[in-house]
Amino acid sequence: MEEKILITSKKSEQKSSNYTPTIIFAIITGIISYTGAFLEEELLIVFGAIFAFITILTVLANHKNNPGILTVTNKRVYGCTSRGERIDLPIDSITSVGLAPSYTIIIRTSSGSIKFSHLSNCNKYHKIISDMLIERQDKEKIQSTPQSTDQNVSIIEELGKFKELLDKNIITQEEFEQKKKQILGL
């Protein structure tokens, strides 16, 4: 069967990073640095340290809010988490799927959990993956309890023999019911 994309995140669905506080602070720091002739060197060092600290915090905050990119096909789930981790999971390796706050979908495997955050359509992802997991479970149930047609034929033949004995009044209705339960494993 050919791999077919069922759902994928699009760039337009992703939240853009907001670097406005960093840009404003950089402008203010630049103005202060330009007029640094009027300020002492220690003050410039303090402003530089504050600028670096705020820049790091802003980058970390934006990194945390960076949306994951996720694609689900009929064979696998792949993409990039909001932490930048590249993931490629065969559908058969997924054990469960869940939802969390901040538009987050959690995909669980036997080796752990993977979070894809800030997906505007995470409910659609959840439904598609859940449906695929249910379909897989149904197929596994059917495959785990196969009854051969030969076995079915022999059960029918055996029940037919006892029905014949009942019809000829060789066995009672009660004996027939007991044998029927025994043959059918009830």
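Observations, loosely collected:
Yes/no per residue for (1) over 15 Å from Ser9 (Cβ atoms); (2) modelled with pLDDT of 85 or more; (3) of a type in the set (Gly, Ala, Ser):
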position	(1), (2), (3)
Lys64	yes, no, no
Leu70	no, yes, no
Thr81	no, no, no
Arg86	no, yes, no
Asp92	yes, yes, no
Ile106	yes, yes, no
His118	no, no, no
His126	no, yes, no
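- Of residues in the stretch 101-123 being assigned to a loop (DSSP other than H, G, I, E, B) and of a type in the set (Ser, Thr, Tyr), the one farthest from Gly84 (Cα to Cα): Ser110
- Residue check for Lys161: farther than 22 Å from Glu3 by Cα, at pLDDT 85 or above, outside any helix (DSSP H, G or I) and charged (D, E, K, R): no
- Selection of the stretch 90-137 for residues being closer than 15 Å to Thr71 by Cβ and either among the charged types (D, E, K, R) or loosely packed, with under 13 Cβ neighbours inside 10 Å (or both) yields Pro90, Lys124.
- In this structure, Glu135 does not satisfy being modelled with pLDDT under 80 and either assigned by TED's automatic domain parsing to the domain that holds Ser96 or in contact with a Gly (Cβ under 8 Å, 6 or more places away or on another chain) (or both).
The values are calculated or read from the model by the stated rules, or taken from the named source; none is laboratory data. This is a predicted model, so every value here is computed, not measured. Note: ideal-geometry Cβ built from the backbone for every residue, glycine included; neighbour counts use all protein chains shown.
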